[in-house]
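Where a number appears in this text, it was derived from the coordinates with a stated rule and is not lab data. Computed from a prediction, not measured in an experiment: that's the story for all the values here. A quick note on method: Cβ atoms are made from the backbone with ideal geometry, for glycine too, and the neighbour counts reach across all protein chains shown.
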Amino acid sequence: MAIMSKKGSADLGPVDTIDTLIGHKAEFTGDILFSGGLRVDGKISGNISSKSGDGASSLVLSETGEIDGNVDVAHILVNGTINGNVRSAGKVELQPKAKVNGDLHYKIIEMQLGSVVNGGLFSDGGRDEISTLKSVPNPGEQKGVS
């Protein structure tokens, strides 16, 4: 859902509507580029990405859904299977039956008991806010100490 700030501009939260549905009996081959909300109950063989600059786009992959390809969407809720790498500029929620076979890049992640990631987890969150740590010499290495 888009959250309105005091100035009336929308923060880049997930949308709360589903604009596109791929039903549980549907199989789709090819890449998908979308904006808004996409729910997948069927099978997709191809990459899924949201339109550039659409930080509110959301992908919902249900328990019966399966994606064979890479996913690059701002907000992702998974309870099915993704066979490919996942990149999210927002939040990733892995529900109990979620299975990701690939690397997962996220800003915010929520993993429920039972969810599985067979790949690397890479936090992309807060990169601008990370401060550089300065090394501190060991007490025996300080000047003038013998």
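Per-structure values
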quantity	calculated
Set of segment 22-65 residues, backbone N closer than 11 Å to the point 7 Å along the Cα-Cβ line of Asn83	44-46
Sum of side-chain charges, Gly114 neighbourhood, beta-carbon under 11 Å (Lys, Arg +1; Asp, Glu -1)	+2
For segment 20-121: relative contact order, % (alpha-carbon pairs under 8 angstrom, 6 or more apart)	18 percent
